[in-house]
1. Say whether the condition of being part of a helix (DSSP H, G or I), away from every other protein chain (no Cβ under 14 Å), buried (at least 18 other Cβ atoms within 10 Å of the Cβ) and in contact with a strand residue (DSSP E or B) (Cβ under 9 Å, 6 or more places away or on another chain) is met by at least one residue in segment A:180-197.
2. For B:L57, indicate whether it is crowded, with 20+ Cβ neighbours inside 10 Å, in contact with a His (Cβ under 7 Å, 6 or more places away or on another chain) and either of a type in the set (A, V, I, L, M, F, W, C) or within 25 Å of B:A194 (Cβ to Cβ) (or both).
3. Return the only residue of A:Y287, A:Y283 being touching a residue at least 40 places away in the same chain (Cβ under 8 Å), more than 21 Å from A:D309 (Cβ to Cβ) and not in a helix (DSSP H, G or I).
4. Taking segment B:129-145 as the region of interest, how many residues are touching a residue at least 60 places away in the same chain (Cβ under 8 Å) and acidic (D, E)?
5. Could you grab me the full set of residues in segment B:110-161 that are within 24 Å of the chain's Cα centre (by Cα) and more than 25 Å from B:V222 (Cβ to Cβ)?
6. Restricting to segment A:333-345, and then to whatever is without any contact (Cβ under 8 Å) to a residue 24 or more places away in the chain and of a type outside the set (D, E), can you tell me which residue is least open to solvent (accessible area, probe 1.4 Å)?
7. Can you say whether A:D293 is over 21 Å from A:S240 (Cβ atoms) and touching a Phe, Trp or Tyr at 6+ places or on another chain (Cβ under 8 Å), as far as the supplied structure shows?
8. Of everything in segment A:210-231, what is open to solvent by 10 Å² or more (accessible area, probe 1.4 Å) and either in a helix (DSSP H, G or I) or in contact with a Lys or Arg (Cβ under 6 Å, 6 or more places away or on another chain) (or both)? Give them in sequence order.
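The values are calculated or read from the model by the stated rules, or taken from the named source; none is laboratory data. Note that the coordinates shown come from a computational prediction; the quantities given were computed from them, not determined experimentally. Cβ atoms come from the backbone with ideal geometry, glycine included; neighbour counts cover every protein chain shown. Remember, those area values only see protein heavy atoms, side chains included, never the ligands or the DNA or RNA. Shrake-Rupley method; radii C 1.70, N 1.55, O 1.52, S 1.80 Å.
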Amino acid sequence: MRVRSARRTVSSRSVARSAAAVVIAASALAACGSEAETSGDEFAFAVVVEQSGPFAAYGAEVVAGVKAAVKDVNARGDLDVTLKPKFYDCQSDQAICVSQVRTAVTADKMPVVLGPTVSVTTLPTAEVTQQLDVPHLVFSVVPQLTEDYTNTYRWAASNHDNARASVDYVVGERKAERVAIVHANTEIGQAAAEDQIAALEEYDQKAVAEVAHDPGQKDYTSQLLKLKNADPDVILSTESDPSDVASLLRQSKELGIEATWVGADIAGATKLAGDAATGYVTYSPWYADNAEDENAAELAEKLKAEGADNPSWVGAVTYDATLGLAEVVGQGNVSKDDIAKGLDELADFKGTAVPSWSFGAKDHDGLDSPTFAEWDGTRYRTVWRP
Amino acid sequence: MSDVLERVNATAVRYRTGWVPAVVAFAIIGLPVVVTDPAQRFLMGYVAIVCILSVSLHVLMGMAGQFSLGQAAIFGSGAYASAWFVLETGASVILALVVAAVVGVLVGCVMGTVAARTTELYLALATLAFGFVAESLVRNSETLGGAQGLRGFDYHVFGQSLLEPVALYWCAAAVLLLAMAIAASVRRGRLGRALMALRDGPVAARSVGIDTRVVQLLVFAVSGAFIAMAGALYPAYALTVDPSVFSIDLTLVVLTAAAVAGVRSMPSVLVLTIAMTVFRHQSQSWGLASYVLLIYGVLVVLMLRFMPEGIAGIGARITRWATRNGGDAS
């Protein structure tokens, strides 16, 4: 009896000690508040991006794009207010991204949010901004971002549009008759492949081969042999990882596959692939070294100056998005409702990276189709602009 | 005489610790009053969710000595089970927690079955594989939203939406307290003694009649239920659930807390889990966001090198030192 009583005492002491420990440590949260940082002559906005963690390379692009654009806009001085971005590092972690967006909107009272960049972090943050009714500028290509939410404004072409445009280019423009599709088993890869198959059907064509692989796979021999046996004219790729693109291009060349590869522009892929990338056709809103884009070199330099070592379309469209936001703010729209209204009315906005961005009350995709360019071994050359 | 002394001692202990539950209750209720910002309140809920994971780790590793990396698989299974159940039925989060717990017990039992046939490194690898299998299954399941996952669910309890951060906090705190109470109860019961025997010497445990396979199955089932319930609440915080929920990142954070705190001490593990979760979320304020994982890694290495028993071992060391010195003096 005494033993049971003693055990019970020990047990309740253990729970009590644990609970006390929990409460004391949790109370530290109370001291961790933030303050709004906007004053009358400043317009502060939130940039929630992956500045550290596995997606930090994308985050660096966004940071560079915002900083370069803010520097230009503020130097121009034609706004009544000074733009003041506040950067929130969400560490490439879904839970932290969600938390940072909540902090930005509820504690710091930010009227608009930019970022994050990849779909796995952007989708949950879009849920948050939708519920908090704050306009949200996004760069991820996942179609659901603008299909399922009314507060998001995409500064890129969606996966749907990219996939359709790639088939238009391959079948409509290049007149390819035997098209194969390669994709990773990722959300973007699978969805893009489905879109491409649907678009091919509209041309009364069927993919001669559809090959899936795991992201980050090292040896693609089995997939490439299947492709080789199908003997395609063009291989449509929906890869989003530069090392996957490079491995596929290199191993494809080693196996003697002569079909032209067409895929999304992924920063660093051509450098990793080396000679095997020559002739690779990509689609993207912007190319840093496009010989036929007069703004490209200057914008690339600006992005480099702000920390983007290898500027890609992510930094460039972020630059345009920030200019677009400045345009809306310049019309006197500084509250979240007014900013949303201003973005809804932002039609044929002349960007630096992209010639024209157009939004509408029911169309929150600012760009409908990408530019197609071929890598000649040293730089890109535009081959088709829909 | 000795009975009297024991009764006096027990009364003194009750007197010394009697105020603790009252303070704890006051603080738990008072915390949402002190913290008014919704983002911080959501963070409180998230911290409680991660703490539930820590308690499960304390039971599995601290009490039973079973080194598992399969927490992510059960956490994700619980998250998907609850989100799917709420989407399909519109039921209360309480029912969703029950469903998730059942799923957690089932997955835990499967892991326990594997655990009975493997040891140490192979056990860690086998349990880690569960996460990859589960992620792959979910990614290819249209019912579970495929690679995009599930969204648009409405978590609610007693008519109150969990979109209200205080409601999420209460729910998570209630599950956490339940998990803590069960863990403490297990510790003082026959199962607890069997678990510790399994931890300290499986062969010796078998020699005194403990069926270690059943005990392993039970501990994986119990901790599986806790983990799945934590997972069940996660979608209410993140508002989406996708295959990334099976990522091992969260498991590693909790494992780090356990390694630094000393996994055998529930209070230490909980304090470290709270501190590390809050630190990670607030690290940008101190300019340390880029170094969080580095700091975690260094902490683990230092603790394993200099204090293998973790922070909880400091008290034991002091006690041993005092006893030794006291003994020498006498």
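1. yes
2. Against the criterion (crowded, with 20+ Cβ neighbours inside 10 Å, in contact with a His (Cβ under 7 Å, 6 or more places away or on another chain) and either of a type in the set (A, V, I, L, M, F, W, C) or within 25 Å of B:A194 (Cβ to Cβ) (or both)), B:L57 does not qualify.
3. Unique residue meeting the criteria: A:Y283.
4. Adding up the residues that qualify gives 1.
5. Passing the criteria: only B:H156.
6. Checking each candidate, the answer is A:G342.
7. So A:D293 fits the description; yes.
8. Residues satisfying the conditions are A:T221, A:S222, A:Q223, A:L225, A:K226, A:K228, A:N229, A:A230.
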